[in-house]
Amino acid sequence: MQMQGRALNILIIGGGIAGCCAAIALGQAGHRVRIVEKQSEWRFQSSGIFVYANGLESLGKLGLLDDILAAGFAVPDGRNAYYDHRGRPIVETFYPTADGGTIPAILGIKRAEMHRVMAARVAALGVPISLGTTVTNLQEQTDGITAVLSDGSNEMVDLVVGADGLRSATRAMIGIDVAPRYTGVGVWRSVHRRPPELTDKIMMMGPAKRFGIMPISDDRLYTFGTMAEPAGSYYAPADWPQLMRARFAEFEGPAAPFLAELNAESEVLYTAVEEVALPLHWHRGRVQLIGDAAHASTPFMGQGGAMAMEDAVVLAEALAAVPDLEAALTAFGQARFPVCEFVQNVSRAVGEDGARETSGDEEARHAALRETAQAKVDGFYMRLAELRASARF
């Protein structure tokens, strides 16, 4: 379809990070956008999320940066302090800033707060949102695509954006038979009051376990522990606090007070870590997948949210730069695939290395961290910047 700079009618399936950012990017570009979201109310799991400088750059392009910075906590100097599980310091690393230092290196924020900021911008742009609604069928025609909605209505649009997450119904609807893959690792998260003196991102290295602490506001922080968990494990939510406390009981130092206070009233979340890695193409006809629907990553590099934000920005850029819809969607996938694949591969390797350690590896691991940790951070972000810079239309 020749677009020739005209505004498109676009239906976005999913109202999470990817869907909200896509609505903002495409709405700002002049397209007519609507979101359908299966939740009857927007309720988002309230643990925290890291956003590194590359993700904050995307939020700047979306007009969200100031509000996001106000709602979250920017770690001074982008400092990450490493400790062993007994609380003994190992090394410090520093993440890179962006835009000449005006964009912080790393921000922690509660997921619900991030969504609040994004939803306010979606509303300000006048984007209609249908909650409690799903797409039950997609019927492509020569001049558009008809989405059949669960409320019984039909909507003819130019483009459908599937931003409906790791278990994307859109992905299955367009014939991509790829299920999420369990990685063998579980993540335990909890939210706590932040002591004023705790301002660093902290990573604690235990045998085959990791425990992190991240400020997410002026008065809150969240913790996250990762370790191997058997496939198919189910833990009742009511048991999560005591299980998290027991799983990481050997962690002392900075972790100890937060683990000790876990109780039935605590905000705790357990998730099994899964990933989705699709080969190109990420679209079929007039349906484009973005975010976790196309490339759900493990959390070990803290880049999943940033990749979804960048997808939204780059999709809008591709539609503006390439006059044919099919060519624009192809170009989008070619631009994003190398970036997302790189992030997934590095993140997966980091998680696998951590989960298979034994107690005998500790001293060698600490020595290697002191010698290589900063170089690895610098190398990762240098390569990421190179891949992002090559995505031009």
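Name the pairs whose Cβ atoms lie under 9 Å apart, with the first residue in the stretch 15-36 and buried (at least 22 other Cβ atoms within 10 Å of the Cβ), the second part of a helix (DSSP H, G or I) and among the hydroxyl-bearing types (Ser, Thr, Tyr), and 6 or more positions between them or separate chains?
21/58; 25/58
Of all the strands (runs of 3 or more DSSP E) wholly in the stretch 1-83, which have at least 3 residues that are modelled with pLDDT of 95 or more?
Counting at least 3 such residues, we get 9-13, 32-37.
Considering each of 265, 261 in turn, give the residue that is without any contact (Cβ under 8 Å) to a residue 40 or more places away in the chain, farther than 20 Å from residue 174 by Cβ, of a type in the set (Asp, Glu) and surrounded by fewer than 24 Cβ atoms within 10 Å (Cβ to Cβ).
Unique residue meeting the criteria: 265.
In this structure, is residue 164 part of a loop (DSSP other than H, G, I, E, B), acidic (Asp, Glu) and either touching a strand residue (DSSP E or B) at 6+ places or on another chain (Cβ under 8 Å) or under 29 Å from residue 63 (Cα atoms) (or both)?
yes
Would you confirm whether any residue within the stretch 356-370 is without any contact (Cβ under 8 Å) to a residue 40 or more places away in the chain, assigned to a helix (DSSP H, G or I) and closer than 29 Å to residue 274 by Cβ?
Yes, that holds for at least one residue.
Being part of a helix (DSSP H, G or I) and in contact (Cβ under 8 Å) with a residue 12 or more places away in the chain is the requirement here; does residue 332 meet it? Explain how you work it out, then say what you get.
Values: part of a helix (DSSP H, G or I): yes; in contact (Cβ under 8 Å) with a residue 12 or more places away in the chain: yes.
The answer is yes for residue 332.
Restricting to the stretch 373-382, name every residue that is over 16 Å from residue 300 (Cβ atoms) and in contact (Cβ under 8 Å) with a residue 24 or more places away in the chain.
374, 378
Conditions: (1) over 16 Å from residue 33 (Cβ atoms); (2) without any contact (Cβ under 8 Å) to a residue 60 or more places away in the chain. Residue 123 meets all but one. Number of the miss?
(1)
Name the helices (runs of 4 or more DSSP H) wholly inside the stretch 205-315 in which the number of residues that are hydrophobic (A, V, I, L, M, F, W, C) and out of contact with any Lys or Arg (no Cβ under 7 Å at 6 or more places or on another chain) is 2 or more.
240-247, 256-260
Name the residue, out of 385, 391, that is surrounded by fewer than 16 Cβ atoms within 10 Å (Cβ to Cβ), in contact (Cβ under 8 Å) with a residue 60 or more places away in the chain and either at negative phi or touching a helix residue (DSSP H, G or I) at 6+ places or on another chain (Cβ under 8 Å) (or both). Show your work before the answer.
On the way: 391 fails: surrounded by fewer than 16 Cβ atoms within 10 Å (Cβ to Cβ).
On inspection, the qualifying residue turns out to be 385.
Among the residues that make up the stretch 132-148, is at least one of them assigned to a strand (DSSP E or B) and hydroxyl-bearing (Ser, Thr, Tyr)?
Yes, there is a match, as at least one residue in the stretch 132-148 is assigned to a strand (DSSP E or B) and hydroxyl-bearing (Ser, Thr, Tyr).
State all residues of the stretch 302-322 that are under 12 Å from the mean Cα position of the chain (by Cα) and surrounded by 24 or more Cβ atoms within 10 Å (Cβ to Cβ); if no residue qualifies, say none.
303, 304, 305, 306, 307, 308, 309, 310, 311
Of all residues in the stretch 166-182, which are of a type in the set (D, E, K, R), over 12 Å from residue 289 (Cα atoms) and crowded, with 17+ Cβ neighbours inside 10 Å?
none
If the Cβ limit is 9 Å and pairs must be 6+ apart or interchain, which residue in the stretch 228-242 that is in contact (Cβ under 8 Å) with a residue 40 or more places away in the chain and aliphatic (A, V, I, L, M) pairs with which residue that is part of a helix (DSSP H, G or I) and surrounded by 10 or more Cβ atoms within 10 Å (Cβ to Cβ)?
228/355
Only one of these conditions is not met by residue 125: (1) crowded, with 20+ Cβ neighbours inside 10 Å; (2) touching a helix residue (DSSP H, G or I) at 6+ places or on another chain (Cβ under 8 Å); (3) at pLDDT 95 or above. Which number is it?
Going through (1) crowded, with 20+ Cβ neighbours inside 10 Å; (2) touching a helix residue (DSSP H, G or I) at 6+ places or on another chain (Cβ under 8 Å); (3) at pLDDT 95 or above one by one, residue 125 breaks only (1).
I'd like the residue in the stretch 270-301 that is more than 18 Å from residue 231 (Cα to Cα) and in contact with a Phe, Trp or Tyr (Cβ under 6 Å, 6 or more places away or on another chain) and, out of all such residues, is surrounded by the fewest Cβ atoms within 10 Å (Cβ to Cβ).
280
The values are calculated or read from the model by the stated rules, or taken from the named source; none is laboratory data. This one's a predicted model, so the numbers in the text were calculated from it and none came from an experiment. Positions of Cβ are generated from backbone atoms using ideal geometry, with glycine treated the same way; all protein chains shown enter the neighbour counts.
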